[in-house]
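These notes concern the structure reproduced below.
The values are calculated or read from the model by the stated rules, or taken from the named source; none is laboratory data. Source: prediction; values computed, not measured. Using ideal geometry, Cβ is built from the backbone for each residue, glycine included, and neighbour counts are taken over all protein chains shown.
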Amino acid sequence: MGQNWTFGRKVGLGFAAVVALAVALGAVAVYALRAVTAAKDRVIEVDAQQLIDAEAVTAALERKSASLRAFLLMGTGKYLDDVTAAREEFSATLERLRAAVRTDEGRAAVDGIGKAEAAHRAAADSVIALKKSGAAVEEIERVFDAEMAPKRVALRDAVKAFVVNERALLDAAKTAASDSAASAITLVMVIAAGALLLAFALALVLTRSLGRQIGTAVGQVQSSSGELQAAATQQATGAKEQSTAMAEITTTISELLATSRQIAESAQRVARIAGDTAGAARSGQATVERADEAVGAIRRQVELIVGHMLDLGKKSQQIGAVLEIVAELAEQTNILAINATIEAAGAGEAGRRFAVVADEIRKLSDRVASSTKEIRGLIDDVRGAVNTTVMATESGAKAVDSGTRQFADVASAFKQIVDLISTTTEAAREIELSTKQQTTAVEQVNQAIANVAQATRETEASSGQTLQTASQLAALSRDLHLLVRPAAAA
Amino acid sequence: MAADRSTAAGLAAALRQAFDRSFAEPARRDADDLVELLAVRVGGDPYALPLAEGAGLFAGRPVVPVPGPLPELLGVAGVRGLLVPVYSLRALLGYPGAEAPRWIFVVRSAEALAVAFDQIEGHRRVARASVAPLARPAARLHVVEAARLEGEVRPIVSLASVIQAIQQRARPAVPPKER
């Protein structure tokens, strides 16, 4: 039997062999039964029927005798008809027997019955004729006893001999049928015993083959279940460690979530403060711009003042120039007065009055010169003051320029600050948004971790269940191995 | 009514009053008791020139240098149609160094000449009693008397002495010619 055959093929082949044996056994049994049945049928249909027909011949004989006696007693024609009918029946039955018998003794017995019946019928006819003739009863009785009775006894004996013969044939046929049935039983029993032996051999071969194959498979199953048990143990340990790790992760994620929420709140506060700062910075920028405009106005005013002062200086210079003319005129007047005095001194008495006029002119020129000097001093003072003012104003203008530039720098720096604060505000808002998203993500992670932790716990339980199942499977495979190969398992 | 001279309006009023008063005063009769002086500065020192010895005062006249025997001669200048030799008063008084004099004072004399100096302080009139001869010889040439003027002693340059000295020094070479 092939090693690579499947269990189904092997078991199917075994069952096919057993079924073939059963079919053969059945066929033999059917054949034997049919042989036995045929023998019995022949016994029943031939021998028993012949015996029955013999009994029917006997009965017809008896009824013919009875009908004849009744006629003899009563003398009515009705009984005579019965006698005739009984005679026909007897003849028909006898003819059927003649056709049925097969043996020479049978045919001789039938011939004997026919001859006795013919003798009996002749005797009867004589009696019937005597009756019909109206003979005395005693005559009839004497004839009957003398003629009829021996003939009837002879017929009866002939019939009995036939029956005995037929009975003997029946017994012989029965015995032959019984022998045939016994031999059929013996054949069936022999074939059944052979089939049993073959089935036992098949069962032994199947058991050994399947046991070897199943044992190998069970051994593999046992090995695999052992490995599965080890793996399940490892998995259970891993699941437990994973569950512990998941618990730690859950705790950490919870702390992270709390921290993230705190960060989100802080980011919100920062964003709010940054927004306030941005508002204050914008207000400050507006103030700086107004101050810048004011500084620009001051600068323009200072430039205007410088212009006016320069004009004033120019006017002072013009006044000085005019004053130089006046001084020159005064000096020339003075020279004229002095010369007039000199001339008057040389003119004697007439010059004295002229000298007075000249003296007054000289005084006037002196006063003009003095006033001119004062005016020059005043103009110098004015010019000094103007120069000082111009210098101060120019230094003020320079200071204003420097201040304007510094203020422009301040405004630029403030604008930069405003931009940076805007950027900071935007960044703070982005941080706030990101932190909120991060918090949401951490919450989702927390939820997911919780689900994973739940799944891990379920995995732990499942791995425990798996370990238990693997252990049961290992035990089951061990038991199965014991069942299949007790010696090998031991 | 005395006007307040501290303000320009008061000063103008005072000047007007003084000017008006000059017409109201009688003509002076004490002219002989007064000495007319021209206050000048030479080499930084105050001096006075007697106006009575002068013939005219001129300013800014160009002086054309001419060669001559006297180092004090600056050149000649045109005055009222005449060429007048101009001498440096600074050099005449014995001050060292040179100067670019602006003023020319023509001396009243037979020989026309003029002295030049740099700075003039003005016309002064002093009483003759304020003029006194110097007790001891002066440190400078041509100074024989001095006038007390405005609280200081101002030497008076003797123009006659100057003319004489020039004439004395110039005569051996070129006798002055009268025009």
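The residue of the stretch A:304-332 that is surrounded by the most Cβ atoms within 10 Å (Cβ to Cβ), among those that are without any contact (Cβ under 8 Å) to a residue 60 or more places away in the chain, more than 14 Å from chain B (Cβ to nearest Cβ) and among the hydrophobic types (A, V, I, L, M, F, W, C), is A:323. Note on the stretch B:34-73: among residues that are within 14 Å of chain A (Cβ to nearest Cβ) and assigned to a loop (DSSP other than H, G, I, E, B), the one that is farthest from residue B:148 (Cα to Cα) is B:61.
The requirement of being touching a residue at least 60 places away in the same chain (Cβ under 8 Å), more than 30 Å from residue A:213 (Cβ to Cβ) and of a type in the set (Gly, Ala, Ser) is fulfilled nowhere in the stretch A:467-487; no residue meets it. Would you confirm whether any residue within the stretch B:4-11 is surrounded by 17 or more Cβ atoms within 10 Å (Cβ to Cβ) and touching a residue at least 40 places away in the same chain (Cβ under 8 Å)? No, that holds for no residue.
One residue alone among A:169, A:198 is part of a helix (DSSP H, G or I), surrounded by 18 or more Cβ atoms within 10 Å (Cβ to Cβ) and in contact (Cβ under 8 Å) with a residue 24 or more places away in the chain, and that residue is A:169. Being in contact (Cβ under 8 Å) with a residue 24 or more places away in the chain, more than 19 Å from residue B:39 (Cβ to Cβ) and not β-branched (Val, Ile, Thr) is the filter here; which residues of the stretch A:339-379 pass it? Within the stretch A:339-379, A:376 is the sole residue that qualifies.
When B:113, B:89, B:70 are screened for being of a type in the set (A, V, I, L, M) and touching an Asp or Glu at 6+ places or on another chain (Cβ under 9 Å), only B:89 passes. For beta carbons closer than 7 Å, sequence separation of 6+ or different chains, a first residue in the stretch B:113-124 that is within 13 Å of another protein chain (Cβ to nearest Cβ) and a second that is of a type in the set (S, T, N, Q), the qualifying pairs are B:123/A:341.
Based on what the data block shows, is residue A:335 modelled with pLDDT of 80 or more, within 14 Å of another protein chain (Cβ to nearest Cβ), assigned to a helix (DSSP H, G or I) and more than 30 Å from residue B:22 (Cα to Cα)?
no
For residue A:102, the requirement of being at pLDDT below 85 and outside any helix (DSSP H, G or I) is met. When we screen B:76, B:144, B:86 for residues that are surrounded by 16 or more Cβ atoms within 10 Å (Cβ to Cβ), without any contact (Cβ under 8 Å) to a residue 24 or more places away in the chain and farther than 30 Å from residue A:367 by Cα, the only hit is B:76.
Listed residues A:249, A:263, A:253, A:214; which is out of contact with any strand residue (DSSP E or B) (no Cβ under 6 Å at 6 or more places or on another chain) and within 30 Å of residue A:4 (Cα to Cα)?
Residue meeting the stated conditions: A:214.
Per this entry, residue A:290 is counted among residues that are more than 14 Å from chain B (Cβ to nearest Cβ) and either modelled with pLDDT of 85 or more or not in a helix (DSSP H, G or I) (or both). Per the listing B:22, B:109, the residue uniquely over 29 Å from residue A:367 (Cα atoms), out of contact with any strand residue (DSSP E or B) (no Cβ under 6 Å at 6 or more places or on another chain), within 14 Å of another protein chain (Cβ to nearest Cβ) and not in a strand (DSSP E or B) is B:109. Quick one: is residue A:390 away from chain B (no Cβ under 14 Å) and not small (Gly, Ala, Ser)? The answer is yes for residue A:390. Screening A:425, A:459, A:466 for residues that are touching a helix residue (DSSP H, G or I) at 6+ places or on another chain (Cβ under 7 Å), over 30 Å from residue A:239 (Cβ atoms) and either modelled with pLDDT of 80 or more or exposed (fewer than 14 other Cβ atoms within 10 Å of the Cβ) (or both) leaves exactly one candidate, A:425. Among the residues of the stretch B:55-69, those identified as within 19 Å of the chain's Cα centre (by Cα) and either surrounded by 13 or more Cβ atoms within 10 Å (Cβ to Cβ) or modelled with pLDDT under 90 (or both) are B:55, B:56, B:57, B:58, B:59, B:60, B:61, B:63. Set side by side, the residues A:375, A:361 differ, and just one is within 12 Å of chain B (Cβ to nearest Cβ) and surrounded by fewer than 19 Cβ atoms within 10 Å (Cβ to Cβ), which is A:361. Within the stretch A:258-283, the set of residues being among the charged types (D, E, K, R), under 50 Å from the mean Cα position of the chain (by Cα) and farther than 15 Å from residue A:428 by Cα comprises just one member, A:261. Once the stretch A:60-96 is narrowed to residues that are among the acidic types (Asp, Glu) and closer than 19 Å to residue A:130 by Cβ, the residue that is surrounded by the fewest Cβ atoms within 10 Å (Cβ to Cβ) is A:81.
Of all residues in the stretch A:343-358, those being at the interface with chain B (Cβ under 10 Å from one of its Cβ atoms) and either more than 30 Å from residue B:58 (Cβ to Cβ) or in a helix (DSSP H, G or I) (or both) number 11.
The rows are residues; the columns are (1) in a helix (DSSP H, G or I); (2) more than 30 Å from residue A:125 (Cα to Cα); (3) of a type in the set (A, V, I, L, M, F, W, C).
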{"site": "A:29", "(1), (2), (3)": "yes, yes, yes"}
{"site": "A:35", "(1), (2), (3)": "yes, yes, yes"}
{"site": "A:41", "(1), (2), (3)": "yes, yes, no"}
{"site": "A:45", "(1), (2), (3)": "yes, yes, no"}
{"site": "A:56", "(1), (2), (3)": "yes, no, yes"}
{"site": "A:62", "(1), (2), (3)": "yes, no, no"}
{"site": "A:71", "(1), (2), (3)": "yes, no, yes"}
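State which residue is farthest from residue A:70 (Cα to Cα) when the search covers only the stretch A:125-147 and only residues that are touching a residue at least 60 places away in the same chain (Cβ under 8 Å) and of a type outside the set (Val, Ile, Thr). Checking each candidate, the answer is A:144.
Does the stretch A:393-409 include one or more residues that are farther than 30 Å from residue A:281 by Cα, assigned to a helix (DSSP H, G or I) and among the β-branched types (Val, Ile, Thr)? Yes, that holds for at least one residue.
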